[in-house]
Each structure stands twice: as structure tokens, then as C-alpha cells.
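One structure, pasted below without further comment.
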Amino acid sequence: VTTHLNTIPLFARAGSIISIEPDVQYTGEKSWDNLTIKVFPGGSGSFTLYEDEGDNYNYEKEAYTEINMTWNDKSQMLTIAPRKGNYEGMITNRTFNVELPNGKKQSVSYNGKQIKVKL
């Protein structure tokens, strides 16, 4: 890959789904209620967003959440599944900003129920 000093190439497997969280210096510095979800088409794939309280061992007592995401490359559809689990202080409503490398974007509100994002 030819590149310049001010450009860093990013290589991602087709079908990869990557969450981009805010830059933080410590747990709890910023809310993660607005996440970017980057989807790399060319294949189907899946990803699980895992979250817990971040400052204790309550995850050992199943105090955490998982949100499964599945990309169907043929239909160009991202399915964000219902949230599994819970913990005190969890984010119940959030925005996912879904982006493709070609610049297509869509923002969706998520409240723990399944949603489908067509890109």
C-alpha cells in the first residue's frame, strides 16, 4: 500500500464490525452513550459489544451487558440484537452512528430492543 507520512492505512477483514468509543483517561470520565460502529463490507460478520461497571468485580456476578451485532453483506443490513443482561448505572438509551468506509452513515437510537440498519 502506498501511503504518505500523514496517512495511516487501516486493514480490516471483510465483514468486520468495530466500535469506536470516546477517548478517556479513566473509567467514568465520559459517557459512552454515543458510539460509532464501523462496518467493513465485503463479507458477513458479527461483533459483541460488552459493557460492565468498569470499576469493580461485579461482572463475576453477571453484572454486565452484551449487545450482539450482525452484518449481512448481501442485504447491506446491520442487525443490532436485543441487549442481554444488566448492571447498576448501565446506559439504557444510546445512539449508534453506523459508518461504512465509502462514507455512508446512519445514526440510530437504541433502547435495548432489536433494530435493523439498512445501508
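To the nearest 20 debye, what is the magnitude of the charge dipole of the chain about its Cα centre, counting +1 on the Cβ of each Lys and Arg and -1 on the Cβ of each Asp and Glu? Write down the numbers at each step before the final one.
On the way: 13 positive and 14 negative charges, 178 e Å.
Result for the chain is approximately 860 debye, rounded to the nearest 20.
Need the list of lysines near K113 for cross-linking: C-alpha distance under 17 angstrom, and skip anything on the same chain fewer than eight residues off.
The qualifying lysines are K84.
Right, something else. How large, in percent, is the carbon and sulfur part of the accessible surface of the range 26-119 at a probe radius of 1.4 Å?
Details: 2520 of 5660 Å².
On the range 26-119, the fraction of accessible area on carbon and sulfur atoms equals 45 percent.
Let a ≥ b ≥ c be the square roots of the eigenvalues of the Cα gyration tensor of the chain; is it rounded (a/c under 1.5), or, if not, prolate (a/b larger than b/c) or oblate? Please list the in-between numbers first.
Values: a/c = 2.09, a/b = 1.40, b/c = 1.49.
It is oblate, given that a/c is not under 1.5 and a/b is not larger than b/c.
Okay, next question. Report Y59's accessible area, 1.4 Å probe, all protein chains in place, as a number in Å² to the nearest 10.
Its accessible surface works out to 90 Å², give or take rounding.
Hey, another quick one. Quick one: of K38/K61; K38/K116; K38/K105, which pairs are farther than 20 Å apart, Cα to Cα?
Details: K38/K61 31 Å; K38/K116 15 Å; K38/K105 9 Å.
Too far apart for the 20 Å limit: K38/K61.
Tell me, what is the per residue accessible area of the chain in Å², probe radius 1.4 Å? Intermediate values should be presented prior to the final figure.
Values: 7920 Å² over 119 residues.
Here the residues of the chain average 67 Å² of exposed surface.
Taking the Cβ of S44 as the center, what net charge do the other residues with Cβ under 9 Å away carry, scoring Lys and Arg +1 and Asp and Glu -1?
Details: positive: K74; negative: D73.
Net charge in that neighbourhood comes out at 0.
Next question, about the same structure. Measuring from label point to label point, each 7 Å out along Cα→Cβ, what is the T92 to K61 span in nm?
2.1 nm
Taking a cut-off of 19 Å between Cα atoms, list the aspartates and glutamates near K30, but don't count ones fewer than 8 places away on the same chain.
List returned: E21, E51, D52, E53, D55, E88.
Straight-line reach from K104: which aspartates and glutamates have Cα under 13 Å away, leaving out those fewer than 8 places along the same chain?
Of all the aspartates and glutamates, none pass the test against K104 - Cα under 13 Å, at least 8 places apart if same chain.
Sorting K74, K105 by accessible area (1.4 Å probe), largest first, what list results?
Working: K74 195, K105 145 Å².
My answer, sorted largest first, is K74, K105.
The values are calculated or read from the model by the stated rules, or taken from the named source; none is laboratory data. All figures in this text were calculated on a predicted structure; none of them were measured in a lab. Cβ coordinates were reconstructed from backbone atoms using ideal geometry, including for glycine residues, and neighbour counts include every protein chain displayed. Ligands, DNA and RNA are stripped out before the accessible areas are found, and what is left, the full protein with its side chains, is counted by its heavy atoms. Shrake-Rupley method; radii C 1.70, N 1.55, O 1.52, S 1.80 Å.
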